Amino acid sequence: MDPLLIYKALSNETRRQIMVWLKDPEQYFDKTPYIEHGIDFRIGVCVSDIQTKAELAQSVVSNYLLTMQKAGLLEAERYGKWTFYRRNEKTIQQFAEYIRSEL
């Protein structure tokens, strides 16, 4: 866990918002297409759904997700031609502990 990378990743409002959305995806995303494909939100949320919700270009959202993944905040999983992102709760807990103990 690199706190500086996490600070940088969370310094953008949209990236922080994505973390909120991924904390409880059923509240923010339609699960119907996932069910139709035999998957659920445990695998994560598809990039295209995040892009639609963020109302930003796909390239911008992909860059944001990559930044967050490099910081350790997100995990990615390929399923067919789609990439799904979910929160990396282990790193989030480590960062929360770092904040409690170091700052």
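The values are calculated or read from the model by the stated rules, or taken from the named source; none is laboratory data. Since the structure is predicted, the reported quantities are computational estimates derived from the model, not experimental observations. Cβ: placed from backbone, ideal geometry, glycine included. Neighbour counts: every protein chain shown. The protein model used for the area step is the full one, side chains on, heavy atoms only, and it has no ligands, DNA or RNA in it. Shrake-Rupley method; radii C 1.70, N 1.55, O 1.52, S 1.80 Å.
Take the Cα of Leu103, step 7 Å toward its Cβ, do the same at Glu77, and the gap between the two points is 3.0 nm. Excluding ligands, DNA and RNA, the accessible surface per residue across the stretch 3-102 is 61 Å² with a 1.4 Å probe.
Using a 1.4 Å probe over the heavy atoms of the protein chains, calculate the carbon and sulfur portion of the accessible area of the chain as a whole percent.
Within the chain, the accessible surface is 50 percent carbon and sulfur.
Can you give the angle from 0 to 90° between the axis of helix 89-102 and the longest principal axis of the chain, with both taken from C-alpha atoms, to the nearest 10? Computed tilt is about 20 degrees. Which of the lysines could a cross-linker bridge to Lys81, judged by Cα under 23 Å and excluding same-chain residues fewer than eight apart? Within the straight-line limit of under 23 Å, Lys81 reaches these lysines: Lys31, Lys53, Lys70.
Between Lys70 and Asp40, the FRET efficiency estimated from the beta carbon spacing at R0 = 30 angstrom works out to 0.70. Rounded to the nearest 20 debye, the dipole size of the chain about its Cα centre is 200 debye, using +1 on the Cβ of Lys and Arg and -1 on the Cβ of Asp and Glu. The three principal axes of the Cα atoms in the chain give end-to-end lengths of 46, 25, 23 Å, sorted in falling order.
The Thr32 and Asn63 beta-carbon pair, evaluated with R₀ = 35 Å, returns a calculated FRET efficiency of approximately 0.80. Largest GNM mean-square fluctuation among Glu75, Glu13, Glu89, using the chain with Cα springs under 10 Å: Glu13.
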